[in-house]
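*Asks:* Here you go, one structure.
The values are calculated or read from the model by the stated rules, or taken from the named source; none is laboratory data. Computed from a prediction, not measured in an experiment: that's the story for all the values here. Ideal geometry is used to build each Cβ from the backbone, glycine not excepted, and the neighbour counts take in all protein chains shown.
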Amino acid sequence: MTSVLEVKGLYKSFGALSVTHNVHLTLEPGARHALIGPNGAGKTTLINLITGVLKQDQGSIFLNGEDVSTMKEADRVRSGLARTFQINQLFRKLTVLENVALSISERQGNGHIFWRPAWKNSNVLDEAMALLAQLGLQDNALNVIEELPYGRQRLVEIAITLGLSPKVLLLDEPAAGVPSSESPIILDAVDALGDDIAVLIIEHDMDVVFRFAKSISVLVSGAILTEGTPDEIAADEQVRAVYLGESLDA
Ligand SMILES: Nc1ncnc2c1ncn2[C@@H]1O[C@H](COP(=O)(O)OP(=O)(O)OP(=O)(O)O)[C@@H](O)[C@H]1O
Ligand SMILES: [Mg+2]
């Protein structure tokens with residue numbers, strides 16, 4: 001089986017600060033993998049390297065067996081790699097449905113003509129509505145983004161990202177800033193994604209991590225301390241000492 005994502009021997013420094021140190025990471029198709037580690041461990045940097053926002057100093061990144069190490073960000077998206085958009089990248093005055101339809105049009109190569117009615121073709125709208133239904137957003141289809149509660153906006157980010165038909169979805173703290181009453185909606189939606197999408201999630205809430213992930217990598221000071229199943233990570237003395245502390249006993 002070809003891994004959908006393979007990170008090999010990745011290094012990145014900001015000046016004298018080594019933030020990514022010989023990182024190896026592999027995602028199989030349909031993976032539910034969590035990346036955990038203390039603040040400043042280099043988790044977001046790793047996602048920025050994988051997506052091509054940052055350029056690594058050394059090492060390589062493969063998507064479906066293809067070396068994308070020097071590929072531009074947009075080309076990596078076309079190759080099936082997607083991360084959630086930040087909220088300020090949504091079209092805040094457009095509706096939820098329009099935002100998702102635009103993303104699908106973009107994938108089809110028609111994003112540049114979005115101001116014309118062309119993207120309003122029924123195939124695109126049908127696909128957009130199906131995605132909204134999948135994420136429980138169907139009743140919000142005609143709401144303007146800026147009117148939505150924050151948790152819903154973050155769900156729309158995920159819907160937009162799914163409109164790109166990714167094979168690998170990178171989520172950097174998808175429930176951050178969302179009221180705890182709403183965060184399960186987001187994580188359940190991610191959980192319900194199909195086996196054809198591998199998910200890498202960065203998350204600080206250990207309840208979420210242990211409920212969601214089938215495998216976990218622990219990043220400390222830019223290096224992978226260990227990886228394993230949730231049970232293995234929970235039982236790992238080093239992880240408990242460095243990161244989880246006594247919180248697992250609670
Ligand atoms: N562009 C940059 N220039 C210089 N230093 C940076 C840059 N981006 C990140 N850093 C530093 O690299 C280290 C890793 O940051 P990163 O954001 O990857 O950590 P993180 O694990 O995502 O942390 P958090 O859990 O707080 O989000 C930090 O010390 C940070 O200050
Ligand atoms: Mg971060």
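*Asks:* Would you say V220 is more than 16 Å from ligand 2 (Cβ to nearest atom) and either assigned by TED's automatic domain parsing to the domain that holds F14 or surrounded by fewer than 19 Cβ atoms within 10 Å (Cβ to Cβ) (or both)?
*Replies:* no
*Asks:* Do you know which residues across region 133-184 are among the polar types (S, T, N, Q) and more than 24 Å from V77 (Cα to Cα)?
*Replies:* Q138, N140, N143, S180, S181, S183, listed by residue number.
*Asks:* Here's a follow-up. Answer yes or no as to whether V156 is within 16 Å of ligand 1 (Cβ to nearest atom) and either more than 26 Å from K93 (Cβ to Cβ) or of a type in the set (V, I, T) (or both).
*Replies:* Answer is no for this residue.
*Asks:* In the list A192, A128, which residue meets the criterion of being crowded, with 20+ Cβ neighbours inside 10 Å, away from ligand 2 (no atom under 16 Å from the Cβ), small (G, A, S) and without any contact (Cβ under 8 Å) to a residue 60 or more places away in the chain?
*Replies:* Selected residue: A128, the only one of A192, A128 that is crowded, with 20+ Cβ neighbours inside 10 Å, away from ligand 2 (no atom under 16 Å from the Cβ), small (G, A, S) and without any contact (Cβ under 8 Å) to a residue 60 or more places away in the chain.
*Asks:* Taking A189, is it touching a Leu at 6+ places or on another chain (Cβ under 7 Å), within 16 Å of ligand 1 (Cβ to nearest atom), in the same structural domain as D207 (by TED's automatic domain parsing) and under 30 Å from L25 (Cβ atoms)?
*Replies:* No, not satisfied.
*Asks:* Report the residue count in region 23-32 for those that are in a strand (DSSP E or B) and touching a residue at least 24 places away in the same chain (Cβ under 8 Å).
*Replies:* Number of matching residues: 5.
*Asks:* Quick test for you: out of L54, L49, L35, pick the one residue that is in contact (Cβ under 8 Å) with a residue 24 or more places away in the chain and in a loop (DSSP other than H, G, I, E, B).
*Replies:* The unique qualifying residue is L54.
*Asks:* Which residues, counting only those in region 36-55, are more than 11 Å from ligand 2 (Cβ to nearest atom) and surrounded by fewer than 23 Cβ atoms within 10 Å (Cβ to Cβ)?
*Replies:* Selection gives T51, G52, V53, L54, K55.
*Asks:* Read through the list (1) farther than 26 Å from A176 by Cβ; (2) within 17 Å of the chain's Cα centre (by Cα); (3) among the hydroxyl-bearing types (S, T, Y), then give the number of the only condition that T45 fails.
*Replies:* Just one mismatch for T45, condition (1).
*Asks:* Pairs only if they're at least six apart or on different chains, beta carbon under 8 angstrom, first in region 57-76 and closer than 17 Å to T2 by Cα, second among the basic types (K, R) and surrounded by fewer than 17 Cβ atoms within 10 Å (Cβ to Cβ); list them, first residue then second.
*Replies:* Final answer for the pair search is S60/K8; I61/K8; F62/K8.
*Asks:* Consider K8 against the criteria (1) farther than 25 Å from I233 by Cα; (2) out of contact with any Asp or Glu (no Cβ under 8 Å at 6 or more places or on another chain); (3) away from ligand 2 (no atom under 14 Å from the Cβ): it satisfies all of them except one. Which criterion is unmet?
*Replies:* Evaluating K8 over (1) farther than 25 Å from I233 by Cα; (2) out of contact with any Asp or Glu (no Cβ under 8 Å at 6 or more places or on another chain); (3) away from ligand 2 (no atom under 14 Å from the Cβ) leaves (1) as the failure.
*Asks:* Something else: For region 22-31, which positions are more than 16 Å from ligand 2 (Cβ to nearest atom) and crowded, with 19+ Cβ neighbours inside 10 Å?
*Replies:* The answer is L27, A31.
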